[in-house]
């Protein structure tokens with residue numbers, strides 16, 4: 001360890017002190033990250049609790065949005081999440097399959113991968129510009145659930161592709177080789193061996209995007225979310241309210257709202273997002289434990 | 001089926017080009033015919049709705065984005081890299097898993113909730129603590145944006161540290177170095193490019209963030225002189241003004257031009273991060 | 001052979017198809033009116049829509065805010081049935097409608113309002129003139145501290161005036177700018193341009209240095225509304241229902257709804273109801289002034 005193996009020199013002592021100080025600082029830094037999560041949750045619960053009730057979840061806003069609940073916003077969020085994933089999940093999963101199972105290592109694949117990285121980095125407000133210009137105006141879909149969902153779909157696409165790729169890559173190569181040796185085609189192998197062994201990992205990636213789509217505001221503000229609707233949306237051509245948008249409007253636009261309402265709205269939104277996430281994480285942990293290879 | 005799979009694979013490329021092409025083409029008439037390039041980038045005067053003298057200068061908006069992002073990075077880099085180091089090198093088992101899940105949940109908090117916290121909680125707090133005239137400012141936006149960009153940094157940085165072969169650690173520890181010395185002298189240099197990429201991705205995230213800065217920075221077109229000044233960012237400008245403009249008008253096109261600027265900024269940052277990671281794996 | 005896969009994609013495709021089928025057959029009996037625009041009016045508009053759904057359950061009014069500019073832009077693009085505005089349409093906007101091949105917009109005055117100038121409740125300012133406001137808000141105006149206006153505000157660091165304004169798409173912003181600075185004037189940069197009137201009111205309530213403005217429906221007892229004089233040295237007028245209706249208050253204005261051509265069918269019924277005693281009662285409840 002040092003010159004005299006059994007005595008502790010001043011240097012080792014210093015090193016040890018540095019080590020413990022360093023470790024404490026790092027632990028403190030990490031604790032600083034847990035703090036906001038708990039503080040935000042705690043604050044929302046404390047300040048939102050007075051407004052929170054079954055009626056809050058199941059009623060429409062009334063009295064100029066100063067009373068009542070958030071039911072239409074919850075329904076609208078479900079619509080947006082459902083329709084956007086109905087589009088992005090199949091496309092994203094197939095793209096992931098292509099990249100992991102078919103694509104050759106050449107410049108084109110490199111371009112596709114680079115495109116995915118950059119698509120993931122495009123600011124949400126630029127997605128909104130695209131959504132307004134292409135879906136709302138150019139394709140004439142108008143401000144509707146469809147326009148908003150398609151905009152959200154493009155946003156969630158790259159992450160679904162990435163998580164699908166990851167899940168597929170976790171399937172050992174030997175599984176495929178065994179299948180090919182038996183004379184199965186590439187597609188047969190994927191369909192009967194690779195996908196059954198990775199579908200749960202793929203699903204986890206999709207579930208995580210549920211919370212992402214539910215939380216986004218900027219892309220839906222101009223493409224489909226309304227301030228107030230007296231009815232629940234019935235088709236993708238209708239507009240809808242959404243939890244995220246509703247939080248924005250009650251906290252910046254509506255006067256004389258009791259203080260608890262925006263907090264309770266934020267709490268509902270955050271709970272939905274965190275519960276979906278925790279579900280996905282628990283699912284993933286369970287799968288990892290049960291993986292046999 | 002195989003055709004559909006292939007087509008989907010290329011859809012990502014298609015969308016990236018479609019987004020850029022569309023945003024750029026909508027802005028092109030404005031960029032090439034109506035706009036003074038120098039004014040667009042160097043004038044702080046943003047008067048898109050003036051009746052007498054419309055001016056489209058984005059300098060103040062750029063300054064807003066840069067100042068808020070800069071402050072956010074001052075907070076996020078130590079927090080992100082520090083927590084990545086802690087999680088990767090000093091914890092194991094349940095603690096490690098628990099911390100990683102916490103970080104993941106932190107990443108899941110929607111930006112409009114962060115914005116609401118900035119508006120309803122941080123604003124009065126900053127007025128109180130700093131005796132500032134107003135709490136919606138660079139500081140507020142910076143803190144919030146910092147916390148928002150930590151999770152992505154932690155995740156990527158932790159991956160980068162994990163990618164350093166264990167033999168490096170073992171060799172260092174066997175030579176008598178402490179864990180701290182190992183981290184400082186061996187792991188950081190070895191994972192340098194990955195850590196840099198983590199920081200860049202955090203920067204990209206911060207530049208592109210919209211709702212939180214829209215609600216927390218005070219939305220004032222000015223070049224900030226201190227962290228307690230209000231600013232307006234590029235993203236917030238588009239979010240606030242897009243709904244008001246008639247499609248095809250100068251103002252509409254100008255907002256798309258701001259979108260092009262934003263796209264190029266984030267594209268540059270992400271490309272740099274990607275190249276750094278590629279460079280590392282190629283070596 | 002196991003037919004499990006691709007279970008999820010197939011599911012989702014099914015969902016997509018159902019959704020698409022639903023959308024092709026969606027035209028139910030309900031009439032939908034798109035109503036969009038002024039942030040000042042949005043809460044009244046919401047209350048109208050909420051109550052009207054009880055009067056005529058088969059008509060649904062979709063309300064979106066975003067500002068007068070937003071509503072008028074949507075009207076010009078032919079995207080709404082009724083646009084709400086807290087200012088009159090500009091001639092260039094009428095031109096754009098003509099260019100898009102639409103009938104001329106028709107204006108309906110649905111309520112009267114006064115733009116109230118707010119300060120923090122500890123601010124001793126009793127009255128301000130239009131010229132003073134122009135000096136505070138206008139481009140080139142030299143008033144940057146409360147001291148410049150001869151006022152000392154307790155609890156305000158450095159006496160700096162924190163100007164709170166609105167988004168440039170807001171009719172309140174455009175009307176206030178024109179009332180202060182004429183058609184060609186511009187505001188000084190650096191004001192906090194808030195998304196909604198509620199933001200303005202909240203911020204002024206919590207900020208000793210602040211000055212802000214909004215429609216009268218947004219005022220409350222936690223902040224102070226200033227008495228405004230049309231000219232330096234003249235007597236000031238307090239914003240009340242009477243002074244707003246009579247136009248004696250210098251910042252009185254109408255609140256409008258615009259339709260493409262004369263209102264017809266469901267839109268006409270809705271506007272008639274809004275102008276009826278039932279509709280106008282909601283205007284008063286919301287803190288604005290009924291017409292007539």
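Of these, A:138, A:130, which one is surrounded by fewer than 24 Cβ atoms within 10 Å (Cβ to Cβ) and assigned by TED's automatic domain parsing to the domain that holds residue A:217? Break it down stepwise before answering.
Working: A:130 fails: surrounded by fewer than 24 Cβ atoms within 10 Å (Cβ to Cβ).
Just a single option satisfies the conditions, and that option is A:138.
Within the stretch A:270-282, can one find any residue that is at the interface with chain B (Cβ under 9 Å from one of its Cβ atoms) and within 21 Å of residue A:136 (Cα to Cα)?
no
Checking residue B:155 against (1) surrounded by fewer than 24 Cβ atoms within 10 Å (Cβ to Cβ); (2) within 14 Å of chain C (Cβ to nearest Cβ): exactly one of these is not met. Which one?
Only one criterion in (1) surrounded by fewer than 24 Cβ atoms within 10 Å (Cβ to Cβ); (2) within 14 Å of chain C (Cβ to nearest Cβ) is unmet by residue B:155, namely (2).
Looking at B:196, B:136, can you tell me which residue is farther than 23 Å from residue B:226 by Cα and either within 11 Å of chain A (Cβ to nearest Cβ) or buried (at least 16 other Cβ atoms within 10 Å of the Cβ) (or both)? Reasoning before the result, please.
Details: B:136 fails: farther than 23 Å from residue B:226 by Cα.
Of B:196, B:136, the one residue that is farther than 23 Å from residue B:226 by Cα and either within 11 Å of chain A (Cβ to nearest Cβ) or buried (at least 16 other Cβ atoms within 10 Å of the Cβ) (or both) is B:196.
If residue B:5 passes every condition in (1) under 28 Å from residue B:153 (Cα atoms); (2) crowded, with 16+ Cβ neighbours inside 10 Å but one, which one does it miss?
(1) is the only condition that residue B:5 fails.
Anything in the stretch C:224-240 that is in a loop (DSSP other than H, G, I, E, B) and crowded, with 19+ Cβ neighbours inside 10 Å? List them, or say none. Lay out the reasoning, then the answer.
Of all residues in the stretch C:224-240, those in a loop (DSSP other than H, G, I, E, B) come to C:226, C:230-236, C:238-240.
Of everything in the stretch C:224-240, those that are in a loop (DSSP other than H, G, I, E, B) and crowded, with 19+ Cβ neighbours inside 10 Å turn out to be C:226, C:239.
Within the stretch B:228-244, which residues are crowded, with 21+ Cβ neighbours inside 10 Å, out of contact with any strand residue (DSSP E or B) (no Cβ under 8 Å at 6 or more places or on another chain) and not in a helix (DSSP H, G or I)?
B:233
When you go through B:266, B:233, B:210, B:237 one by one, which is the residue that is at the interface with another protein chain (Cβ under 8 Å from one of its Cβ atoms) and under 21 Å from residue B:48 (Cβ atoms)?
Just a single option satisfies the conditions, and that option is B:210.
Tell me which of these residue B:224 doesn't satisfy, since it passes every other one: (1) outside any helix (DSSP H, G or I); (2) in contact (Cβ under 8 Å) with a residue 40 or more places away in the chain; (3) within 30 Å of residue A:20 (Cβ to Cβ).
Of the numbered conditions (1) outside any helix (DSSP H, G or I); (2) in contact (Cβ under 8 Å) with a residue 40 or more places away in the chain; (3) within 30 Å of residue A:20 (Cβ to Cβ), the odd one out for residue B:224 is (3).
To keep it simple, each residue is scored yes or no on (1) at pLDDT 80 or above; (2) within 25 Å of residue C:199 (Cβ to Cβ).
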site: A:239; (1), (2): yes, yes
site: A:247; (1), (2): yes, yes
site: A:252; (1), (2): yes, yes
site: A:259; (1), (2): yes, yes
site: A:268; (1), (2): yes, yes
site: A:274; (1), (2): yes, no
site: A:280; (1), (2): yes, no
site: A:284; (1), (2): yes, no
site: A:291; (1), (2): no, no
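To keep it simple, each residue is scored yes or no on (1) surrounded by 21 or more Cβ atoms within 10 Å (Cβ to Cβ); (2) within 12 Å of chain B (Cβ to nearest Cβ).
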{"residue": "A:52", "(1), (2)": "no, no"}
{"residue": "A:57", "(1), (2)": "no, no"}
{"residue": "A:89", "(1), (2)": "yes, yes"}
{"residue": "A:106", "(1), (2)": "no, no"}
{"residue": "A:111", "(1), (2)": "no, yes"}
{"residue": "A:114", "(1), (2)": "no, yes"}
{"residue": "A:143", "(1), (2)": "yes, yes"}
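Is it the case that residue A:62 is touching a strand residue (DSSP E or B) at 6+ places or on another chain (Cβ under 6 Å) and assigned by TED's automatic domain parsing to the domain that holds residue A:257?
Against the criterion (touching a strand residue (DSSP E or B) at 6+ places or on another chain (Cβ under 6 Å) and assigned by TED's automatic domain parsing to the domain that holds residue A:257), residue A:62 qualifies.
If residue A:221 passes every condition in (1) closer than 30 Å to residue B:114 by Cα; (2) in contact with a helix residue (DSSP H, G or I) (Cβ under 6 Å, 6 or more places away or on another chain) but one, which one does it miss?
For residue A:221, the exception is condition (2).
Here are A:270, A:274, A:232: which of them is more than 25 Å from residue A:168 (Cβ to Cβ), touching a residue at least 24 places away in the same chain (Cβ under 8 Å) and either outside any helix (DSSP H, G or I) or in contact with a strand residue (DSSP E or B) (Cβ under 7 Å, 6 or more places away or on another chain) (or both)?
Sole residue among the options that is more than 25 Å from residue A:168 (Cβ to Cβ), touching a residue at least 24 places away in the same chain (Cβ under 8 Å) and either outside any helix (DSSP H, G or I) or in contact with a strand residue (DSSP E or B) (Cβ under 7 Å, 6 or more places away or on another chain) (or both): A:232.
State the number of residues belonging to the stretch B:1-20 that are more than 7 Å from every other protein chain (Cβ to nearest Cβ) and within 18 Å of residue A:97 (Cβ to Cβ).
Quick first cut of the stretch B:1-20, residues more than 7 Å from every other protein chain (Cβ to nearest Cβ) only: B:3, B:7, B:14, B:17-18, B:20.
Cutting the leftovers down to within 18 Å of residue A:97 (Cβ to Cβ) gives us B:3, B:7, B:14.
Result for the stretch B:1-20: 3.
Taking the residues in the stretch B:21-44 that are in contact (Cβ under 8 Å) with a residue 24 or more places away in the chain and within 8 Å of another protein chain (Cβ to nearest Cβ) as candidates, determine which candidate is nearest to residue A:130 (Cα to Cα).
B:23
Let's see how each residue does on (1) surrounded by fewer than 24 Cβ atoms within 10 Å (Cβ to Cβ); (2) in contact with a helix residue (DSSP H, G or I) (Cβ under 9 Å, 6 or more places away or on another chain); (3) in a helix (DSSP H, G or I):
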{"residue": "C:142", "(1), (2), (3)": "yes, yes, no"}
{"residue": "C:152", "(1), (2), (3)": "yes, yes, no"}
{"residue": "C:164", "(1), (2), (3)": "no, yes, no"}
{"residue": "C:177", "(1), (2), (3)": "no, yes, yes"}
{"residue": "C:190", "(1), (2), (3)": "yes, yes, no"}
{"residue": "C:204", "(1), (2), (3)": "no, no, yes"}
{"residue": "C:212", "(1), (2), (3)": "no, yes, no"}
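Give just the number: which of (1) closer than 30 Å to residue C:208 by Cα; (2) facing chain A (nearest Cβ under 8 Å); (3) in contact (Cβ under 8 Å) with a residue 24 or more places away in the chain does residue B:121 not satisfy?
Residue B:121 satisfies all of (1) closer than 30 Å to residue C:208 by Cα; (2) facing chain A (nearest Cβ under 8 Å); (3) in contact (Cβ under 8 Å) with a residue 24 or more places away in the chain except (3).
Pick from C:82, C:72, C:76, C:130: which is assigned by TED's automatic domain parsing to the domain that holds residue C:210 and within 22 Å of the chain's Cα centre (by Cα)? Walk me through it before giving the result.
Details: C:82 fails: assigned by TED's automatic domain parsing to the domain that holds residue C:210; C:72 fails: assigned by TED's automatic domain parsing to the domain that holds residue C:210; C:76 fails: assigned by TED's automatic domain parsing to the domain that holds residue C:210.
Among C:82, C:72, C:76, C:130, only C:130 is assigned by TED's automatic domain parsing to the domain that holds residue C:210 and within 22 Å of the chain's Cα centre (by Cα).
Exactly one of (1) within 12 Å of chain B (Cβ to nearest Cβ); (2) more than 23 Å from residue B:179 (Cα to Cα); (3) crowded, with 18+ Cβ neighbours inside 10 Å is unmet by residue A:72. Its number?
With respect to (1) within 12 Å of chain B (Cβ to nearest Cβ); (2) more than 23 Å from residue B:179 (Cα to Cα); (3) crowded, with 18+ Cβ neighbours inside 10 Å, residue A:72 is out only on (1).
Restricting to the stretch B:50-69, give me the number of residues that are under 15 Å from residue B:252 (Cα atoms) and either away from chain C (no Cβ under 11 Å) or surrounded by fewer than 19 Cβ atoms within 10 Å (Cβ to Cβ) (or both).
So the count comes out to 5.
Exactly one of (1) assigned to a loop (DSSP other than H, G, I, E, B); (2) crowded, with 23+ Cβ neighbours inside 10 Å is unmet by residue A:258. Its number?
Just one mismatch for residue A:258, condition (2).
Table: residues versus (1) farther than 23 Å from residue B:236 by Cα; (2) modelled with pLDDT of 85 or more; (3) within 13 Å of chain B (Cβ to nearest Cβ).
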site	(1), (2), (3)
C:65	no, no, yes
C:88	yes, yes, no
C:95	yes, yes, yes
C:109	yes, yes, no
C:114	yes, yes, no
C:123	yes, yes, yes
C:145	yes, yes, yes
C:163	no, yes, yes
C:171	no, no, yes
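Conditions tested, residue by residue: (1) closer than 21 Å to residue A:242 by Cβ; (2) more than 11 Å from chain B (Cβ to nearest Cβ); (3) touching a helix residue (DSSP H, G or I) at 6+ places or on another chain (Cβ under 6 Å); (4) free of Cβ contacts under 8 Å to residues at least 24 places away in the same chain.
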position	(1), (2), (3), (4)
A:119	no, no, yes, no
A:125	yes, no, yes, no
A:161	no, no, yes, no
A:164	no, no, yes, no
A:170	no, yes, no, no
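Can you spot a residue in the stretch B:30-47 that is more than 30 Å from residue B:159 (Cβ to Cβ), in contact with a strand residue (DSSP E or B) (Cβ under 8 Å, 6 or more places away or on another chain) and surrounded by fewer than 17 Cβ atoms within 10 Å (Cβ to Cβ)?
Yes: one or more hits.
The values are calculated or read from the model by the stated rules, or taken from the named source; none is laboratory data. Values in this document were obtained by computation on a predicted structure and should not be read as measured data. Please note: Cβ atoms are built from the backbone with ideal geometry, for glycine as well, and neighbour counts cover all protein chains shown.
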